[in-house]
Number of protein chains: 2
Amino acid sequence: MREEELLAMMTARSRDLPARFGQVLTGPGDDCAVVQIGEQRLLLTVDQVIEGRHFRRNTSLDLVARKAAARSISDIAAMAGSPVCMVATAALKPGMDQAEADALYMALKEWAEHWECPLVGGDTATLASANDPLMLTVTAIGRVHPVRGAVLRSGAREGDGIYVTGSLGGSFEQETGLGRHLTFEPRLKEAAWLASTLGDGLHAMMDLSDGLGRDADRMARASGVRMEMDASAIPKNPGVRDWKRAAGDGEDYELLFAAAGNVPARTESGVAIAKIGVVVRGEGCVIAEDGKLMDAGGLGWEHR
Amino acid sequence: MREEELLAMMTARSRDLPARFGQVLTGPGDDCAVVQIGEQRLLLTVDQVIEGRHFRRNTSLDLVARKAAARSISDIAAMAGSPVCMVATAALKPGMDQAEADALYMALKEWAEHWECPLVGGDTATLASANDPLMLTVTAIGRVHPVRGAVLRSGAREGDGIYVTGSLGGSFEQETGLGRHLTFEPRLKEAAWLASTLGDGLHAMMDLSDGLGRDADRMARASGVRMEMDASAIPKNPGVRDWKRAAGDGEDYELLFAAAGNVPARTESGVAIAKIGVVVRGEGCVIAEDGKLMDAGGLGWEHR
């Protein structure tokens, strides 16, 4: 079973939700759902981290909690939103003692507050077997950007430039200490600044979790356009020599966005913004290298 | 590690949240968190169901999805709220094929809509080993009751009567077909009706997930009062002969509430309401039988 097919199926089956339920503005398929409650437009997202898939058995509980929180916070950032609060679940190993459970809870609470998204509730259960994987889920609620509103991934238009923040690839490398997939900083303030600065010129945005290639392909398909990117323009992290790794490694949690008009080379907070391509008529996403076009959708990293 | 101690620790460590974050009205420790977003007061809750703990390996995917949704919906009911929408995660077995994953998704979507709480997003991952337990989480958002607001478990007062809806015990019995823990109907409309009918006289409410004894003890401690219940007044399900089983079995998902004034014997929807005790000065919760007092807190069923 491929995650991509499952996601596509779920998105297709839920396409009629906004027509059937007035509170649903955007259903499954984007980084967050967007719901209308009274005068408020809220963002809602959930992510899970599983031992052996998203972290190792020997990863510290602090980093496990950090990653669990940061993934959901990054989804709020991807819509240009601001966090309100979170709830979490933990499926704990039977061998964990009170002190370890306490440490995990305190770590999650502290990371939640670090991003001004206090942990207001949750549920714990203990797994049956010591071999069962430790698992956390974090659901985050956010508010949409007060002026621009929620920035969906489906708004890219012909003529837009394609941009990424920061640099890509090597998130799992341990060479320089901890992999960035455990220590990344969700681009909350950069996303809000982009929405404030570019306003309605910011057409589409998402965070890069499964690799630029796969994620850009998703943005192109959601928007009904074709995205053409230039391999040499993709910003690579130190130690990442090959653009295919920069576009395929996954778990960068940088912002990918499509915008019209002038886009600054750097955010107010000092993060570089690279123009990596253009939006044209058509479908899918390609990366050009020396005049050859590669299908971008096959490059990304699939969380199986 | 006992779940009770862990919950008590988390509640204690989060007691200062409302003072530190203006959006937090009620943090961990109740059936839902209560958060203020603009003019709206929202309820937020998450629950998980794990194979081998909350359902069996051979439980149908439809009933797994139903239970996952119903547990969170019941938490919204426990605060007298009404559902808005939900998000979910699924950690799937590696052997599941597309058709099974599809069936699980459709079941969850349909149960969500059954309770007017559309499934607006989520996350799936596939587990590493076929022995790892299938696991679902459901986060539900609700609105508070438009007149009475959120009904907390901490509001019971000296002089209140103690009441339960329906009848208790035997939720895991298979004799009459499926266990009620898989097929219970969350008391959404009954809770809203109680809040509308009793208004400010409805002082405290919660749903019974871990058994009347343990849950009433939690209500008493949260409220800073003592609850005295009469063993002979506890309504038992057919086949449940012993009041200790009715008070200890768990997973009833009936409403326990404390209220002043006259309380009808039946809800508008026809569910019986039984008066089972009174709130007095003191602490803890006891059940009286033939003049002997039993500590109620030790009776409940602990999800380990």
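Numerical summary
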quantity: Sorted largest first, extent of chain A alpha carbons per principal axis (Å); calculated: 57, 50, 40
quantity: The protein assembly as shown, helix-only ellipticity at 222 nm - DSSP H runs n ≥ 4, -39,500 (n - 2.57), divided by all residues, nearest 500; calculated: -8000 deg cm²/dmol
quantity: Surface share of carbon and sulfur [accessible, 1.4 angstrom probe, percent] for chain A; calculated: 48
quantity: Exam field: residue A:20 pseudo-label spacings to other copies (7 Å along Cα-Cβ), nanometres; calculated: 4.2
quantity: Test item: B:133-143 mean partner chain Cβ contacts at 10 Å; calculated: 6
quantity: Sequence-distant lysines (8 or more away, or on other chains) whose Cα lies within less than 24 Å of residue A:236; calculated: A:67, A:189, A:244, A:275, A:292
quantity: For the protein assembly as shown, Kirkwood radius (reciprocal of mean inverse C-alpha pair distance, Å); calculated: 25.0
quantity: Taking chain B and dividing mean pair separation by its residue count, relative contact order in percent (alpha carbons under 8 Å, at least six apart); calculated: 20
quantity: DSSP-loop trypsin sites (Lys or Arg not before Pro) across the stretch A:177-271, with at most 11 other Cβ within 10 angstrom; calculated: A:241
quantity: Inter-copy separations for residue A:270, label at 7 Å along Cα-Cβ, nm, ascending; calculated: 6.9
quantity: Segment residue A:242-residue A:56, length gained on full extension (0.36 nm per residue, minus Cα span); calculated: 64.4 nm
quantity: Cβ neighbours within 10 Å from other chains - mean over B:18-30; calculated: 4
quantity: Angle in degrees between helix B:98-114 and the longest Cα principal axis of chain B, rounded to the nearest 10; calculated: 30
quantity: DSSP-defined antiparallel bridges as percent of all bridges, the protein assembly as shown, nearest 5; calculated: 75
quantity: Cα gyration tensor category, rounded, prolate or oblate, for the stretch B:161-298 with a/c compared to 1.5; calculated: oblate
quantity: Cα convex hull of the stretch B:31-143 - mean projected area over all directions, nm²; calculated: 6.9
quantity: Cα→Cβ-extended label distance, 7 Å offset, between residue B:114 and residue A:200, nm; calculated: 4.5
quantity: Beta bridges by DSSP in chain A, antiparallel share as percent, to the nearest 5; calculated: 75
quantity: For residue B:9, inter-copy label distances in nm, listed shortest first [label point 7 Å out on the Cα-Cβ vector]; calculated: 4.0
quantity: Candidate aspartates and glutamates for bridging to residue A:93, where Cα separation is under 19 Å - those fewer than 8 sequence places away on the same chain excluded; calculated: A:51, A:62, A:102, A:123, A:132, B:3, B:4, B:5, B:47, B:51, B:132, B:302
quantity: Centre separation in Å (Cα based) which lies between the stretch B:19-40 and the stretch A:225-264; calculated: 39
quantity: Buried solvent-accessible surface, both chains (A, B), 1.4 Å probe, Å² to nearest 100; calculated: 5700
quantity: Solvent-accessible heavy-atom area per residue, rounded to whole Å², over chain A at 1.4 Å; calculated: 37
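The values are calculated or read from the model by the stated rules, or taken from the named source; none is laboratory data. Small disclaimer: the values here were computed from a predicted structure and weren't measured. Every residue, glycine among them, receives a Cβ derived from its backbone with ideal geometry; neighbour counts consider all protein chains shown. Heads up: the accessible areas ignore ligands, DNA and RNA and are worked out on the full protein's heavy atoms, side chains in. Shrake-Rupley method; radii C 1.70, N 1.55, O 1.52, S 1.80 Å.
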